[in-house]
Amino acid sequence: MAKYIRWIFLTMLPTIVNAQGLPKDSAGKVPQDTVLRGTSRSLKQVTVSAGAFEASDKAKGASLTPMDALTVAGNNGDLSQALRSLPGVQQIGEQEGLFVRGGTSDETKQFIDGTLFKYPNYPAVPGIPQGARINPFLFKGILFSSGGYSALYGQAMSSALILESVDLPEKSSASLYLFPSNQGAGLQHLAKDNRSSYGLGFNYSNQSLYNSLVPHIPDYFLGPAYVEGNANFRIKTGRTGMLKVYTVWSHSAVGMYNPDIDSAGLRSGYQVKGDNFYTNLSYRNSFGEHWKMETGLAYSYNKMNTIRSLVDEAKNMVVLPELPFLAKNASSNIGSDFAQARVVFTRFLPGAQAIRFGAEHFYTKDKGYTNDSAIALTDQLSAAFAEGDIYIARNVAAKAGFRLEHTSLLKQWSLAPRLSIGWRLSEESQLNLAYGIFYQEPLNDFLYHNRTLSLSQAAHYVLNYTRRAHNRFFRVEAYYKTYDHLVRLLPQSVSNGNGYAKGVELFFRDKKTFKNMDYWVTYTFLDTKRGYLNFPMELKPGFASPHTMTIAVKKFFPDISTGVNVSYALAAGRPYYDIRFNNGWQLYDQGTTKPYSVVNLHLSHLVSLFPKWKHKDFSGFALGVNNLLGTKQVFGYNYSYNGQHRVPIMLPSSRTYFVGFFMTLGIDRTDDFINNNL
């Protein structure tokens, strides 16, 4: 429930205006520094955009803004879930993260002002997706690339979510919200000279009360509880410089029991406590008319303490010496340090062309234990990259580059070429091509035990056609991907897995036909197979549905200041398997789940409780239901050790409800909410 309340609150944070528009000075003018020039991906009339969905003012009306994405019904206040309304993303209800075009969630990475945000979600809980740690409205630009992305980014084999933070807030403001299971407060202070600002925020949620009112499948004995505090500082340095610092700290605790699948009277316990600290410092400046520099420093510390247990009905621990019960009492406690330093130089050339080049270094150190075994891992990954915006002809532009990396842990070099070409066919339509090689290190869970693994690799081939006119946007995109050197378990891990993914995606958005209504429709066809992990042969991954369709509708009624948002997602069944080790991995059972079908409904009503105050409030009521029809979703099955029993993986509860009230002081958000909600 708190996630939905948080959604209400997030939509009202003081950064809304900046999320929707370019930062303005006190006179309401857009500062003419290098921000606009440096972030533009347009070469005259051609925009190189194969494989990408951009959400910013630069693409407003043609794609999605942060408000667009976060007001999609059913997004749960999580940017990753909001982006599931875009083509190419699977409808995964039992895990967090983005599963894009046949890729797993760890193959999609998030970047904040160029630096990697390594732990975007709270620690994973089996069968229950966990929310995001960061406020999506801190960003004025969201670029979601589902393939063929820039050489400036790496270590993401399937997709990149590139986030650009806001500079300065429009005005000073404060906000407060109180709910039975969620409380929070925040402020943003803008200096009188409009050259610096700082902000603070605090959020706390505990789901115990909500879970006692709405029955859930797990029997929670701890939380779920989440605490988050954040702070930011921004200052202009000179005419074109901007320094920004953002930091967030969070803690979570979740503990639950489920019936043990291998016995009749025992229960399996799972408890996870997580602590995370993340800070990001970015600085950019221009040198003369032709040079621009962007730097970034990031550090994060993540600690995750996990305990698995087997208990009886009285919740007493049960220890049995035989399999499979022997492995059901386990624990791990791992601390992870991560740091990154990055610098990018841009040289602007005549004819709207440019060259970018730079380097970055990643430091990773994990230390802790799993059961009785100590683990330790240190990796130094260095990268250099270069990329050019090239104007080939009047209506043809290209973005070509390469990325060179070296990892000390694997003692391996990699060279990844990237190329995108845009061909403007008319004032309203364009054809785009993209190709690239993308490398990624195996998960640390594998590297703890085997340092002889090699980099996994994917090759992307993307072709798309777009047409935008009269507040309508249409995109069709086809792609083909190959995977090599995926991790396989035999049972020892080796890097000889492979696979492929191919498909076609459609996207249509219309803000014109119906008054005060915005809607979009997507369709995704996916054909993919992989030979990896414990698959005895190439199989369709359990997260891959061949057909997915989403519809999002947002209608606002100005006369009564009320908005209605509805979303519908339909996906064909996903494959499931019973794979066990018996002189090698053997496939004992397989099947396909029933189709996924979900309708979500959100309503909001705007009011002002103190219209005569000097600082008029912006308030409102909101309520919503996810999975309105209560359909029984099955995402797969868990099998018993001997394969004689299986348990469906389902939603913790058939429906999820929220109702809330919000208030912001200092800035009247009514017009912004109405205009940007449509």
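The values are calculated or read from the model by the stated rules, or taken from the named source; none is laboratory data. All values reported here derive from a predicted model rather than from experimental measurement. Here the Cβ positions follow ideal geometry from the backbone for every residue, glycine too, while neighbour counts run over all protein chains shown. We work out accessible area using only protein heavy atoms, side chains counted, and drop any ligands, DNA or RNA first. Shrake-Rupley method; radii C 1.70, N 1.55, O 1.52, S 1.80 Å.
Results, tabulated for the structure shown:
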quantity	calculated
Scope region 565-599; condition out of contact with any Asp or Glu (no Cβ under 9 Å at 6 or more places or on another chain) and among the aromatic types (Phe, Trp, Tyr); matching residues	568, 581, 585, 596
Selection count where residues are open to solvent by 20 Å² or more (accessible area, probe 1.4 Å), among the charged types (D, E, K, R) and touching a Phe, Trp or Tyr at 6+ places or on another chain (Cβ under 8 Å), scope region 225-267	2
Matching residues, region 458-512, being within 30 Å of residue 580 (Cα to Cα) and either in a loop (DSSP other than H, G, I, E, B) or of a type in the set (A, V, I, L, M) (or both)	458, 486, 487, 489, 490, 491, 492, 494, 501
Sole residue being in contact with an Asp or Glu (Cβ under 6 Å, 6 or more places away or on another chain) and under 23 Å from residue 443 (Cβ atoms), chosen from 364, 370, 306	364
Number of positions in region 445-477 that are closer than 28 Å to residue 376 by Cβ and crowded, with 16+ Cβ neighbours inside 10 Å	8
Yes/no for residue 104 being hydroxyl-bearing (Ser, Thr, Tyr) and at pLDDT 85 or above	yes
Residues of region 225-266 satisfying the condition of being closer than 24 Å to residue 117 by Cα and either of a type in the set (Phe, Trp, Tyr) or not in a strand (DSSP E or B) (or both)	226, 233, 246, 249
Pick from region 490-504, criterion touching a residue at least 24 places away in the same chain (Cβ under 8 Å) and open to solvent by 40 Å² or more (accessible area, probe 1.4 Å), ranking: farthest from residue 444 (Cα to Cα)	504
Extreme residue, most open to solvent (accessible area, probe 1.4 Å), among residues of region 408-429 that are more than 17 Å from residue 151 (Cβ to Cβ) and either modelled with pLDDT of 90 or more or of a type in the set (A, V, I, L, M) (or both)	411
Unmet criterion (only one of (1) among the small types (Gly, Ala, Ser); (2) in contact with a Gly (Cβ under 9 Å, 6 or more places away or on another chain); (3) within 20 Å of residue 548 (Cβ to Cβ)) for residue 604	(3)
Criterion: open to solvent by less than 10 Å² (accessible area, probe 1.4 Å), in contact with a strand residue (DSSP E or B) (Cβ under 7 Å, 6 or more places away or on another chain), in a loop (DSSP other than H, G, I, E, B) and not hydrophobic (A, V, I, L, M, F, W, C) - qualifying residue of 74, 103, 93	103
Residue 106 being over 13 Å from the mean Cα position of the chain (by Cα) and over 24 Å from residue 655 (Cβ atoms)	no
Region 430-444, residues that are part of a strand (DSSP E or B), within 30 Å of residue 368 (Cβ to Cβ) and open to solvent by less than 20 Å² (accessible area, probe 1.4 Å)	438, 440
Selected residue (criterion: farthest from residue 450 (Cα to Cα)) from residues of region 476-489 that are within 27 Å of the chain's Cα centre (by Cα) and in contact (Cβ under 8 Å) with a residue 40 or more places away in the chain	477
Residues (open to solvent by 10 Å² or more (accessible area, probe 1.4 Å), among the hydrophobic types (A, V, I, L, M, F, W, C) and closer than 18 Å to residue 155 by Cβ) located in region 112-130	116
Qualifying residues in region 251-301 (those that are acidic (Asp, Glu) and closer than 30 Å to residue 125 by Cα) - the one modelled with the highest pLDDT	275
Failed item, numbered, when residue 277 is tested on (1) closer than 30 Å to residue 372 by Cβ; (2) in contact (Cβ under 8 Å) with a residue 40 or more places away in the chain	(2)
Of residues in region 601-647 being of a type in the set (A, V, I, L, M, F, W, C) and closer than 25 Å to residue 572 by Cα, the one farthest from the chain's Cα centre (by Cα)	647
Members of region 407-427 found to be of a type in the set (D, E, K, R), in contact with a Leu (Cβ under 9 Å, 6 or more places away or on another chain) and outside any strand (DSSP E or B), listed by number	none
Failed item, numbered, when residue 287 is tested on (1) over 32 Å from the mean Cα position of the chain (by Cα); (2) closer than 28 Å to residue 206 by Cα; (3) without any contact (Cβ under 8 Å) to a residue 40 or more places away in the chain	(2)
Residue 206 vs. criteria closer than 20 Å to residue 250 by Cα and in contact with a Lys or Arg (Cβ under 7 Å, 6 or more places away or on another chain)	no
Lone qualifier among 168, 152, 222 - being surrounded by fewer than 20 Cβ atoms within 10 Å (Cβ to Cβ) and either hydrophobic (A, V, I, L, M, F, W, C) or in a strand (DSSP E or B) (or both)	222
Counted residues, region 181-219 - those being open to solvent by less than 30 Å² (accessible area, probe 1.4 Å) and hydrophobic (A, V, I, L, M, F, W, C)	3
Inter-residue pairs, beta-carbon under 7 Å, first closer than 13 Å to residue 263 by Cα and acidic (Asp, Glu) and in region 310-325, second at pLDDT 85 or above and surrounded by 10 or more Cβ atoms within 10 Å (Cβ to Cβ), 6+ apart	312/266; 312/318
Identity of the residue in region 127-178, among the charged types (D, E, K, R) and touching a strand residue (DSSP E or B) at 6+ places or on another chain (Cβ under 7 Å), that ends up farthest from residue 413 (Cα to Cα)	171
Total residues in region 584-630, condition without any contact (Cβ under 8 Å) to a residue 40 or more places away in the chain, in a loop (DSSP other than H, G, I, E, B) and under 30 Å from residue 531 (Cα atoms)	1
Every residue from region 176-197 that is under 21 Å from residue 245 (Cα atoms), in a loop (DSSP other than H, G, I, E, B) and of a type outside the set (Asp, Glu)	191, 192, 194, 195
Conditions (1) out of contact with any strand residue (DSSP E or B) (no Cβ under 6 Å at 6 or more places or on another chain); (2) surrounded by fewer than 24 Cβ atoms within 10 Å (Cβ to Cβ); (3) not β-branched (Val, Ile, Thr): number failed by residue 80	(2)
